[in-house]
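So the structure is just underneath, and the comments pick up after that.
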Amino acid sequence: MLTEQQLDQFIDEFWEDTPNEAQEEKAAEDLEEYTLPSDGMIVRQMEKKGKVNRRTWFALALMLLVVPLLLYLSVRFFHGRKYLICSLIVIVAAMLPFFMMFEGRKPKAREIMVISVLAAIGVAGRAAFFMVPSFKPVAAIVILTGVSFGGEAGFLVGCLIMMLSNMFMGQGPWTPWQMFSFGIIGFLAGILYQKGILKARKRDLCIYGFLSVVLIYGGIMNPASILMSYGYITPASLVAFYISGIPVDLVHALSTVIFLWFLSRPLLEKLERIKKKYGLIESGKEEML
């Protein structure tokens, strides 16, 4: 098992970017600002609150208008048979806002690598708990990604986790709906954090995690299940599916709270430390403010 110092040395050598002593001292001073144990804050809230770039709002509008329409048409006219094509289109739609964060410069390999690692952690976490229905860490990882790297990254990680993990769990017409559901949870987490509404505290993250799974994931997947089963929605079927889905949604929401409670502090502190040390997505975050 590598120590933290050995792990940092390995990362520096892997990225061929070994900081000098002055940079390390400055990074250490900056990192101290992120830990505020007195008020339970895991990472310090952005100084310029309440400002979200127009690009982010445009990306959110794109996700909320284009993707649901695409998913509805795929069920209405193709009866869910073109779910792989729809999944790829959703991935492309998720990648566009993410790469728009790097307007004026090319994204560095290290920035994409961190996003890939977070998606891989989500896939591995979902596979590790495959024997426990609905008890998964996916929503927790997506939320933490959105808080740390922005809503665009949260949406992309949510889409990637569900598409890749379903290669092992089983692909189907539900895949693009799951991708969209978790993507919206991550995107909204990033926007709420930038606006200063969602604080990087365990309690706040757990509350958001519980509500987002019940209201967003359950609110999307229950009507989607009706569409995939019957091709149309009636008030009676909507009520029946919501009632039958409450136990599943509650288990999923409680598991998200548990994972956020235990993972939020170590994961966010590590992500913030990596961001400050290697300057990940700094330009994009400054533009979004």
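Look through region 126-150, keep the residues that are surrounded by 24 or more Cβ atoms within 10 Å (Cβ to Cβ) and among the hydroxyl-bearing types (Ser, Thr, Tyr), and return whichever of them is farthest from the chain's Cα centre (by Cα).
Among those that are surrounded by 24 or more Cβ atoms within 10 Å (Cβ to Cβ) and among the hydroxyl-bearing types (Ser, Thr, Tyr), it is 148.
Could you tell me how many of the residues in region 269-287 are surrounded by fewer than 19 Cβ atoms within 10 Å (Cβ to Cβ) and modelled with pLDDT of 85 or more?
Qualifying residue count for the region: 2.
Determine if region 211-230 includes at least one residue that is surrounded by fewer than 17 Cβ atoms within 10 Å (Cβ to Cβ) and more than 25 Å from residue 66 (Cα to Cα).
no
For residue 153, are the conditions met, namely being surrounded by 23 or more Cβ atoms within 10 Å (Cβ to Cβ), closer than 16 Å to residue 270 by Cα and in contact (Cβ under 8 Å) with a residue 40 or more places away in the chain? Quick ask: steps written out before the conclusion?
Numbers: surrounded by 23 or more Cβ atoms within 10 Å (Cβ to Cβ): yes; closer than 16 Å to residue 270 by Cα: no; in contact (Cβ under 8 Å) with a residue 40 or more places away in the chain: yes.
So residue 153 does not fit the description; no.
Among the numbered criteria (1) under 26 Å from residue 229 (Cβ atoms); (2) modelled with pLDDT of 70 or more; (3) among the small types (Gly, Ala, Ser), which single criterion is violated by residue 109?
Evaluating residue 109 over (1) under 26 Å from residue 229 (Cβ atoms); (2) modelled with pLDDT of 70 or more; (3) among the small types (Gly, Ala, Ser) leaves (1) as the failure.
May I ask you to list pairs of residues, at least six apart or on different chains, whose Cβ atoms are under 9 Å apart, with the first in region 251-274 being closer than 11 Å to residue 135 by Cβ and free of Cβ contacts under 8 Å to residues at least 40 places away in the same chain and the second being charged (D, E, K, R) and in a helix (DSSP H, G or I)?
Between residues of region 251-274 that are closer than 11 Å to residue 135 by Cβ and free of Cβ contacts under 8 Å to residues at least 40 places away in the same chain and residues that are charged (D, E, K, R) and in a helix (DSSP H, G or I), there is no close pair.
Taking region 68-98 as the region of interest, how many residues are modelled with pLDDT of 70 or more, of a type in the set (A, V, I, L, M, F, W, C) and more than 18 Å from residue 232 (Cα to Cα)?
The number of residues fulfilling the criteria is 12.
Those residues that are surrounded by 18 or more Cβ atoms within 10 Å (Cβ to Cβ) and of a type in the set (A, V, I, L, M), I need them from region 104-125; list them, please.
Passing the criteria: 114, 115, 118, 119, 121, 123.
Scan (1) at pLDDT below 90; (2) out of contact with any Ser or Thr (no Cβ under 6 Å at 6 or more places or on another chain) for the single condition residue 206 breaks and write down its number.
(1)
The values are calculated or read from the model by the stated rules, or taken from the named source; none is laboratory data. This is a predicted model, so every value here is computed, not measured. Every residue, glycine among them, receives a Cβ derived from its backbone with ideal geometry; neighbour counts consider all protein chains shown.
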